[in-house]
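Take a look at the structure set out below.
The values are calculated or read from the model by the stated rules, or taken from the named source; none is laboratory data. Keep in mind that what you see is a predicted model, and the values were worked out from it rather than measured. Using ideal geometry, Cβ is built from the backbone for each residue, glycine included, and neighbour counts are taken over all protein chains shown. Note: accessible area is taken over every heavy atom of the protein model, side chains too, but ligands, DNA and RNA are not part of it. Shrake-Rupley method; radii C 1.70, N 1.55, O 1.52, S 1.80 Å.
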Amino acid sequence: MSINPDLQGRSYPASEPYQVGREKIREFSRAVKATHAAHYDVAEAERLGYSDLLAPPTFAVIVAQRADAQLIGDPEAGIDFTRVVHADQRFTHHRPIVAGDELIAELSVDTVRAMGDGALLTTRSEISTTEGEKVATAVSSILVRGEGQ
């Protein structure tokens, strides 16, 4: 296995803040074919009790992937991104993401499991506002294929 097994238990500090903008929510919503009016119309979002446009639940992946980039870019990890297959992604939302949020994510490597000459890594991104309010937890599994796979 070329992946460093000592990654298990490693944490990476909060990523640079990500500013959630209205146009980013609208663009993401169009890309994932989310059709609810609260993703596009501020008045509709406010009518439903939100302070601004409401992001679709999977919008959290944007912030989570920015945190994942720290792991992928860590030379000690031994991850060749060209050999990565995304295996699983789950979100637990603590509150909705809305336009105007400024979000950060701290990444933890929960497991590293050898699989042939590759490895399966499970990571957890704790997404919060820059003020410390929990927003979402993203759990992701990636398979790093070995040379023979």
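Hey, what's the range 102-149 come to in accessible area per residue, 1.4 Å probe, Å²?
Details: 2030 Å² over 48 residues.
Heavy-atom SASA per residue in the range 102-149 reads 42 Å².
For the range 139-146, the Karplus equation 6.51 cos²θ - 1.76 cosθ + 1.60, evaluated at θ = phi - 60°, returns couplings of 10, 10, 10, 10, 9, 9, 5, x Hz by residue, with Gly and Pro reported as x. For the chain, calculate the relative contact order in percent as a whole number, restricting contacts to Cα pairs under 8 Å that are 6 or more residues apart. It rounds to 31 percent for the chain.
Relative to the longest principal axis of the Cα atoms of the chain, the long axis of helix 22-31 lies at roughly 60 degrees.
Send over the semi-axes of the chain's equivalent ellipsoid, whole angstrom and largest first, taken as the square roots of 5 times the C-alpha gyration tensor eigenvalues. Walk me through the intermediate numbers first.
Numbers: eigenvalues 216, 49, 25 Å².
They are 33, 16, 11 Å, listed largest first.
Taken along the Cα-to-beta-carbon direction at a fixed 7 Å, the label points for THR130 and ASP41 span 3.2 nm. Computed over the range 88-149, the P(r) tail beyond 16 angstrom holds 53 percent of alpha carbon pairs. For the chain, excluding the exposed loop sites themselves (GluC sites (Glu not before Pro), DSSP loop, at most 15 other Cβ atoms within 10 Å), the longest remaining stretch covers 1-75.
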